[in-house]
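Notes follow the structure.
The values are calculated or read from the model by the stated rules, or taken from the named source; none is laboratory data. Owing to the predicted nature of the structure, the values given are computational and were not obtained by experimental measurement. All Cβ positions, glycine included, derive from the backbone under ideal geometry; neighbour counts span all protein chains shown. In case anyone asks, the SASA skips ligands and DNA or RNA and just uses the protein heavy atoms, side chains included. Shrake-Rupley method; radii C 1.70, N 1.55, O 1.52, S 1.80 Å.
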Amino acid sequence: MKTSRTLLGILALASACVCAAPAQADDTLKLAVGQRGNWDTIVSQLGQDAGIFKKHGLELEILYTQGGGETLQAVISNSVDIGVAAGTIGVFSAFQKGAPIRIIGAQATGAADFWYVRADSPLHSIKDATPQTTIAYSTNGSSTNSVALGFAKTYGLKSKLVATGNPSATFTQVMTKQVDVGWSSPPFGFDALAQGKIRIVAKANDLDEIRHESIRTLIGNVNLLEHKQDQLKRFMAAYRETIDWMYASDDALKAYAAFNKTDVATARKVRDEFFPKSLIDPDKMAGLDLLNKDGIAFKTISEPLTPQQFDTLIQIPPRQ
């Protein structure tokens, strides 16, 4: 009987130890995300808050940047694992110069960004810009940099292009007359538009090539692909699942509205009128030939990337 009691005690102790053992910790990935709160850049944030990434065993540490140029540098330096919304032509340039980066997904094909002026501006269209006009973009190497260069090329503008940072900083510079033409992305600027403070003079998708190009990307340092391949696959699975949820559920609209301190009606307008689901599909890089041509025209790359280089640069994990 004594032996039996001792055995029972040992089994009870072993069971208690198993129950008390800590749960396996989620893997952590660090992200640099350009433009906080945009519908296309908020995928990781909403997925994290909704528990989707946790379901895939991931915890995200999210750092917000002023634009694609800063995001690109954070990935190149290996300060973060993944960059969200890096301008594609800037990525081409960095890769061509030997930067240790890879494209792990398309982030935006086409763009919802728009350019605007103060209500009292003499400009009624971006085509009216003169050599004295200053036109904003976020940071060097960003997608908005590419669009501003696209305006200049398409419409033969000689205007000065100015890096102004994020939409909030840009708005201040426009309203204080430091810059003539500002840039923004929905929903920032909607209130000022409704109040008649500003007028839209151009949209990124006015440019034919922009509508058919993946102008922003998801990028990773080569270290991610070499040492965290399983985490990368799970990240992309969670990212895709989050996008599906964002377009299928009003819960996502409520979460977006809460994050941006706006209302659900505005969130719905942003999603349904400016961001078709195809715009943020991560699975296909579109318009590579057009992007190559733009990179040459804008003097961002010295020569077109070859098919072999694209095979190395673009490493999108397949759907499981």
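Table for the structure above
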| quantity | calculated |
| --- | --- |
| With DNA, RNA and ligands ignored, accessible area of LYS277 (1.4 Å probe; Å², nearest 10) | 90 Å² |
| GNM flexibility winner over the chain from GLY67, GLY83, GLY196 (Cα, springs under 10 Å) | GLY196 |
| Neighbourhood charge, 13 Å Cβ-Cβ cut-off, centred on ARG199 and excluding it, Lys, Arg +1 and Asp, Glu -1 | 0 |
| Candidate lysines - alpha carbon under 18 Å from LYS153, same-chain residues fewer than 8 apart omitted | LYS127, LYS203, LYS293, LYS299 |
| On Cα atoms only, tilt of 229-248 relative to the major axis of the chain in degrees | 70 degrees |
| Value of relative contact order over the chain, rounded to a whole percent, pairs C-alpha under 8 Å and six or more apart | 25 percent |
| Cross-link pairs beyond the 18 Å C-alpha cut-off, checked among LYS54/LYS254; LYS30/LYS228; LYS55/LYS233 | LYS54/LYS254 |
| Kirkwood hydrodynamic radius of the stretch 174-225, Cα pairs, Å | 14.1 Å |
| Mean shadow area of the stretch 150-253 over all directions, Cα convex hull, nm² | 10.1 nm² |
| Residue-normalised accessible area of the stretch 225-278, given per residue in Å² at a 1.4 Å probe | 50 Å² |
| Order of exposure, largest accessible area first, which applies to LYS299, LYS30 with probe 1.4 Å | LYS299, LYS30 |
| Relative contact order (%) - the stretch 113-268, alpha-carbon pairs under 8 angstrom, separation at least six | 26 percent |
| Relative contact order [Cα under 8 Å, 6+ residues apart], the stretch 40-118, whole percent | 23 percent |
| Phi-based couplings in Hz for the stretch 125-135 (Karplus 6.51, -1.76, 1.60; Gly and Pro marked x) | 8, 4, 5, 7, 4, 10, x, 8, 6, 9, 10 |
| Karplus (6.51, -1.76, 1.60) ³J(HN,Hα), θ = phi - 60°, over the stretch 85-93, in Hz, Gly and Pro reported as x | 6, 7, x, 4, 5, x, 5, 4, 4 |
| Binned Cα-Cα distance frequencies in the stretch 184-320 - 10 Å width, integer % | 9, 29, 32, 23, 6, 0 |
| Carbon plus sulfur fraction of accessible area for the chain, probe 1.4 Å, in percent | 53 percent |
| Quarter of the Cα convex hull surface for the chain, i.e. its orientation-mean projected area (nm²) | 20.3 nm² |
| Nonlocal amide H pairs with ARG216, under 5 Å, H built at 1.01 Å | THR88, GLN107, ALA108 |
